[in-house]
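The values are calculated or read from the model by the stated rules, or taken from the named source; none is laboratory data. These numbers come from a predicted model, not from an experiment. As a convention, Cβ positions derive from the backbone with ideal geometry for all residues, glycine included, and neighbour counts pool all protein chains shown.
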Amino acid sequence: MASHQIVTLTMNPALDISTDVGEVEPNAKLRCGPARLDPGGGGVNVARAIHRLGGRATAIYPCGGHTGEAFRDLLAEEKVDERPVPIAGRIREDFTATETATGDQYRYVLEGPELSEAEWTRCLDETADALEEGTCLVASGSLPPGVPADFYARIARLARRKGARCIVDAGGEPMEAALCEGIFAFKPNQREMEALTGKTLSDRAAQEEAARDMVARGRAELVALTLAADGALFAWADGIVRIPAPRIERRSAVGAGDSFLAGLVLRLAEDRPWREAFRTAAAAGGSALSTPGTELCRRDETEALERELEPQDVS
């Protein structure tokens with residue numbers, strides 16, 4: 001079976017801090033439980049999840065400051081291949097607190113360092129150097145200050161020149177620019193898809209029409225629309241399938257989308273049938289939902305969930 005290289009690009013990585021707190025209330029000193037530190041950001045999380053699922057991916061990301069040093073140490077502990085790009089600023093920190101009284105999560109996401117033109121251009125150059133024919137390139141997450149809104153469109157053009165398959169997971173103007181350029185796949189959730197289409201997608205028919213339209217217009221060869229408790233919808237030239245949400249005890253939504261994308265990309269890089277890739281994606285996303293804080297999917301649980309899930313054709 002062929003296996004293609006996987007490269008991830010994360011322009012705004014974050015040192016993720018997660019903890020528990022009994023109850024959130026204003027103006028009070030909130031005593032938290034033990035803190036967990038993880039190297040985060042869209043593409044980095046995808047690379048970490050791919051590693052957990054038994055695959056390999058190379059993570060490219062801008063890195064600087066004392067938080068960057070801690071970030072690299074944590075990635076090394078997980079034995080994830082990396083190609084950091086030095087920058088003058090420091091990697092941002094994000095903070096997630098789970099209120100044990102209610103199970104609600106409070107997520108504080110900082111902006112990230114401003115990148116100079118020379119710095120973000122070096123990220124493009126590093127990515128170009130890592131790509132080869134057939135590579136799966138995952139460009140995921142927000143763009144930090146200083147990076148132009150058409151950055152992901154530039155990535156899409158770069159991937160096309162290299163013969164690589166470009167998967168973008170982002171929102172807003174950067175995502176719209178990438179879709180106008182045309183990409184291999186993208187993975188919006190319902191809110192992101194509504195923002196992109198300007199339509200309310202509250203029923204199955206509207207969801208299917210929006211995904212089908214994206215494929216028909218050449219915006220993406222594959223659309224993987226995640227729908228929380230309603231599972232996921234996959235649209236491509238040959239049709240549309242749905243996969244129900246796995247039956248799991250939900251603990252944290254952090255990292256579920258990245259785990260979902262990791263499962264999808266890993267199977268596509270292995271040249272597995274697309275329907276098998278869809279099943280692994282849904283299972284990996286479900287596994288991440290069952291883990292606490294910012295933890296990602298687990299391989300044994302993902303494999304167990306895969307056996308329970310079956311794509312359902314949409315007529």
(message) Any residue that is among the β-branched types (Val, Ile, Thr) and assigned to a loop (DSSP other than H, G, I, E, B) - is there at least one of those in the range 143-161?
(response) yes
(message) Checking His66 against (1) closer than 26 Å to Trp120 by Cβ; (2) of a type outside the set (Lys, Arg); (3) surrounded by 14 or more Cβ atoms within 10 Å (Cβ to Cβ), only one condition comes out false. Which one?
(response) (3)
(request) Could you figure out which of (1) free of Cβ contacts under 8 Å to residues at least 60 places away in the same chain; (2) at positive phi isn't true of Gly112? (result) (1)
(message) Anything in the range 80-123 that is of a type in the set (Asp, Glu), part of a loop (DSSP other than H, G, I, E, B) and at pLDDT below 95? List them, or say none.
(response) Asp104, Glu111
(request) Could you list, in sequence order, all residues of the range 250-281 that are assigned to a helix (DSSP H, G or I) and without any contact (Cβ under 8 Å) to a residue 24 or more places away in the chain? (result) Arg267, Glu276, Ala277
(request) Output the number of the condition that Ala284 fails; it satisfies all remaining conditions of (1) surrounded by 20 or more Cβ atoms within 10 Å (Cβ to Cβ); (2) in a strand (DSSP E or B); (3) not aromatic (Phe, Trp, Tyr). (result) (2)
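For (1) under 19 Å from Gly257 (Cα atoms); (2) surrounded by fewer than 16 Cβ atoms within 10 Å (Cβ to Cβ); (3) polar (S, T, N, Q), each residue gets a yes or a no:
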{"position": "Glu117", "(1), (2), (3)": "no, yes, no"}
{"position": "Glu132", "(1), (2), (3)": "no, yes, no"}
{"position": "Ile167", "(1), (2), (3)": "yes, no, no"}
{"position": "Ala177", "(1), (2), (3)": "no, no, no"}
(request) Go through the residues of the range 62-79 one by one and say whether even a single one is acidic (Asp, Glu), touching a Lys or Arg at 6+ places or on another chain (Cβ under 7 Å) and part of a strand (DSSP E or B). (result) no
(message) Among the listed residues Asp150, Asp230, identify the single one that is under 21 Å from Leu309 (Cβ atoms) and either in contact (Cβ under 8 Å) with a residue 12 or more places away in the chain or surrounded by 23 or more Cβ atoms within 10 Å (Cβ to Cβ) (or both).
(response) Asp230
(message) What's the number of the only condition in (1) on the phi > 0 side of the Ramachandran plot; (2) modelled with pLDDT of 90 or more that Gly255 fails to meet?
(response) (2)
(request) Take the range 179-223 and flag every residue that is buried (at least 18 other Cβ atoms within 10 Å of the Cβ), among the small types (Gly, Ala, Ser) and part of a helix (DSSP H, G or I). (result) Ala210, Ala211
(message) Show me the strands (runs of 3 or more DSSP E) entirely contained within the range 1-57 in which 1 or more residues are surrounded by fewer than 24 Cβ atoms within 10 Å (Cβ to Cβ).
(response) 14-21, 36-40
(message) Given the criteria polar (S, T, N, Q), touching a residue at least 24 places away in the same chain (Cβ under 8 Å) and crowded, with 24+ Cβ neighbours inside 10 Å, does Thr291 qualify?
(response) no
